[in-house]
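A.B. asks: One structure follows; several queries about it will come next.
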2 protein chains.
Amino acid sequence: MDTAWLSEDEEQGWRAFRRLLTALPARLGRDLARDSGLSPADYEVLSTLSEKLNRRWALKDLAAKMEWSRSRLSHHAARMQGRGLIDKEPDPQDARGCILHLTDDGFMVLEEAARHHVVSVRSRFLDHLSSDELAVLRKLSTRIADLPD
Amino acid sequence: MDTAWLSEDEEQGWRAFRRLLTALPARLGRDLARDSGLSPADYEVLSTLSEKLNRRWALKDLAAKMEWSRSRLSHHAARMQGRGLIDKEPDPQDARGCILHLTDDGFMVLEEAARHHVVSVRSRFLDHLSSDELAVLRKLSTRIADLPD
DNA sequence: GGGGTGTCGATGACATGTCAACGAACGTAC
DNA sequence: GTACGTTCGTTGACATGTCATCGACACCCC
């Protein structure tokens with residue numbers, strides 16, 4: 001039904017890719033939870049925060065960078081604050097805003113998680129691609145992700 | 001952080017692909033909801049059910065086919081039954097089990113949804129790939145998705 | 001400097017998914 | 001035929017995500 005008006009090649013390609021689209025994130029997410037007790041969302045927040053020099057970021061900017069809604073990040077940050085991974089401070093520049101920052105605890109958790117995560121990404125993904133395939137994948141991914149929303 | 005021990009090429013490739021991994025399902029899901037009022041999960045249940053000749057499937061078999069947990073499908077099927085998209089019957093072969101079947105309503109909703117969905121998959125994905133790229137993507141997707149869990 | 005407009009983060013209602021636990025029914029071995 | 005372990009679908013508690021709404025504040029323009 002799904003692919004009633006696709007050619008045979010298109011249908012097979014789309015089917016195969018759709019399987020990857022569900023299986024790969026599920027596997028990486030399971031590895032992450034097992035190795036570090038983090039959800040993929042936790043990991044994304046921590047790693048994005050850690051990219052800033054002072055490990056601080058205004059909520060709205062972090063949300064924009066990750067392409068999350070402010071609501072989603074507000075909910076998630078509250079939970080992560082409860083676990084001591086990040087802290088929240090008032091923004092001195094804007095009394096409406098708030099600054100999220102990675103705690104030392106959060107940073108340590110992230111470093112340990114990253115060590116495992118890289119292994120996971122390799123063993124479940126990168127190790128099974130030739131460099132040509134990776135180049136093709138990168139080009140096509142960029143092209144499609146860059147399409148207007 | 002994420003990619004601290006990846007080569008430059010690996011990091012760029014993985015980053016680009018990760019963007020696709022989140023952006024594409026989000027866009028297709030939005031299209032689906034807008035065009036048909038279905039969630040991606042709804043659509044998957046309906047289209048998988050419709051593949052059987054009699055549009056009937058034991059819950060456990062449907063769950064296995066879609067690689068869902070029985071719990072997830074039980075929850076989801078209950079909601080879809082409430083909307084009249086599917087029905088639930090006792091399994092004559094096994095008094096523990098139940099048979100899900102696509103209602104006429106559900107089938108009509110699916111047909112309309114599929115019409116739009118194909119357009120969506122084309123315009124957001126297939127139309128932007130050469131046939132060579134699609135072939136590469138299919139091969140690599142199959143290889144990676146087929147890895148053990 | 002005051003008023004309208006827009007942005008910020010928080011919140012509550014809701015939809016969805018996971019997990020562990022459960023009772024009922026199955027199937028096998030005795 | 002009955003006792004045992006397994007499988008079935010359901011359920012409840014919980015984690016997570018969306019959306020609409022809100023009060024507080026910022027910004028702009030007069």
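What follows is calculated from the coordinates using simple rules that are stated; it is not laboratory data. Note that the coordinates shown come from a computational prediction; the quantities given were computed from them, not determined experimentally. A quick note on method: Cβ atoms are made from the backbone with ideal geometry, for glycine too, and the neighbour counts reach across all protein chains shown.
A.B. asks: Within the range B:38-71, whose backbone N sits under 17 Å from a point 7 Å along Cα→Cβ of B:D104?
C.D. replies: B:54-56
A.B. asks: Kirkwood Rh over Cα pairs of the protein assembly as shown into Stokes-Einstein at 37 °C, 0.692 mPa s: D in µm²/s?
C.D. replies: Details: Rh = 21.4 Å.
Translational D for this selection: 154 µm²/s.
A.B. asks: Quote the relative contact order of chain B in percent (integer), defining contacts as alpha-carbon pairs under 8 Å separated by 6+ residues. Working shown, then result.
C.D. replies: On the way: 110 pairs, mean separation 34.9, N = 149.
With pairs under 8 Å counted, the relative contact order is 23 percent.
A.B. asks: Counting only helical runs of four or more DSSP H residues, what would the 222 nm mean residue ellipticity of chain A come to if each run contributes -39,500 (n - 2.57) and the total is spread over all its residues?
C.D. replies: On the way: 6 runs with 98 residues, N = 149.
About -22000 deg cm²/dmol.
A.B. asks: Once the principal axes of the Cα atoms of chain A are found, what is the range along each, listed largest first in whole angstroms?
C.D. replies: Principal axes ranked by extent give 58, 33, 29 Å for the Cα atoms.
A.B. asks: Taking each residue in B:39-46, count the Cβ atoms of any other chain within 10 Å of its Cβ, then average. What number comes out?
C.D. replies: Taking all residues of B:39-46 together, the mean is 1.
A.B. asks: What ranking of B:S123, B:S130 emerges when the number of other C-beta atoms within 10 Å of each C-beta is taken as an exposure proxy, fewest first? Mind dumping the intermediate values first?
C.D. replies: Working: B:S123 13, B:S130 10.
Going from sparsest to densest Cβ surroundings: B:S130, B:S123.
A.B. asks: Follow-up. Between B:D146 and B:H116, 0.36 nm times their residue separation minus their Cα-Cα distance comes to what? Show your work: numbers first, answer last.
C.D. replies: Numbers: separation 30, 0.36 × 30 = 10.80 nm, distance 2.97 nm.
Length difference between fully extended and current span is 7.8 nm.
A.B. asks: Starting from the Cα of A:S123, step 7 Å along the direction of its Cβ; do the same at B:E89; then give the gap between the two resulting points in nm.
C.D. replies: Each label point is offset 7 Å from its Cα along the Cβ direction, giving 4.7 nm.
A.B. asks: On to the next question. Using a Gaussian network for chain B with springs between C-alpha atoms less than 10 Å apart, which of these wobbles most: B:T103, B:T22, B:T48?
C.D. replies: For chain B, modelled as a Gaussian network with Cα springs under 10 Å, the answer is B:T22.
A.B. asks: Please identify every one of the trypsin sites (Lys or Arg not before Pro) in the range B:29-100 that sits in a loop by DSSP and has no more than 13 other beta carbons within 10 Å of its own beta carbon.
C.D. replies: Numbers: sites: B:R30, B:R34, B:K52, B:R55, B:R56, B:K60, B:K65, B:R70, B:R72, B:R79, B:R83, B:K88, B:R96; in loops: B:K52, B:R55, B:R83, B:R96.
Passing sites in the range B:29-100 are B:R96.
A.B. asks: Would you check the protein assembly as shown for Lys pairs whose C-alpha atoms are within less than 26 Å, ignoring same-chain pairs closer than 8 in sequence, and give me the count?
C.D. replies: 13
A.B. asks: Still on this structure, please answer the following. Please give the average number of partner chain Cβ atoms lying within 10 Å of the Cβ of each residue in B:116-127, rounded to a whole number.
C.D. replies: Numbers: counts 0, 5, 8, 1, 0, 7, 4, 1, 4, 7, 9, 2.
Per residue, the average neighbour count from other chains is 4.
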